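Derivation of every value follows stated rules applied to the coordinates shown; laboratory data play no part. Nothing here was measured: the structure is a model prediction, and the numbers come from that model. All Cβ positions, even for glycine, are placed from backbone atoms using ideal geometry, and neighbour counts span all protein chains on display.
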Amino acid sequence: MWDEGLRAVKEVPERFQANHVRVSMPRYFFDWHDGPVTTRDRDGIVFPDLERAKVEAACGLADMVKDSAPVERRELGITVRGEDQTPLFTTSMVFDVKLLGRASN
């Protein structure tokens, strides 16, 4: 489905530093919106930081747009939640096709 556009794997093992101190990366959840329909992410994806999650959300949305059927108006978006399920940010696009001149008749 749409999450195929995300460029990260669903499960990334916890990282270890050279001194064997355990370092964990945060998990982000990507909820997909297509008009009134929302697909809630139950698994999440691990990224090193919020900036990387923003990039992946933008790339995922671009893939979502590319794979969408053309319509006169369509609203697509992604809301990203953190590990505590709090929404962190949203990214969205609106298609709005308006016929001009003779095409509108």
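Quick one: in the stretch 58-71, of everything that is under 16 Å from P36 (Cβ atoms) and surrounded by 11 or more Cβ atoms within 10 Å (Cβ to Cβ), which residue is nearest to the chain's Cα centre (by Cα)? Across the stretch 58-71, the extreme among qualifying residues is M64.
Please enumerate the residues belonging to the stretch 72-95 that are loosely packed, with under 10 Cβ neighbours inside 10 Å and closer than 30 Å to Y28 by Cβ. It would help to see each step written out before you state the result.
Initially, the stretch 72-95 is screened for residues loosely packed, with under 10 Cβ neighbours inside 10 Å, giving 72, 84-86, 94.
Answer for the stretch 72-95, where residues must be loosely packed, with under 10 Cβ neighbours inside 10 Å and closer than 30 Å to Y28 by Cβ: D84, Q85, T86, V94.
When the stretch 28-40 is limited to residues that are in contact with a Phe, Trp or Tyr (Cβ under 7 Å, 6 or more places away or on another chain) and buried (at least 19 other Cβ atoms within 10 Å of the Cβ), the one that is farthest from E75 (Cα to Cα) turns out to be Y28.
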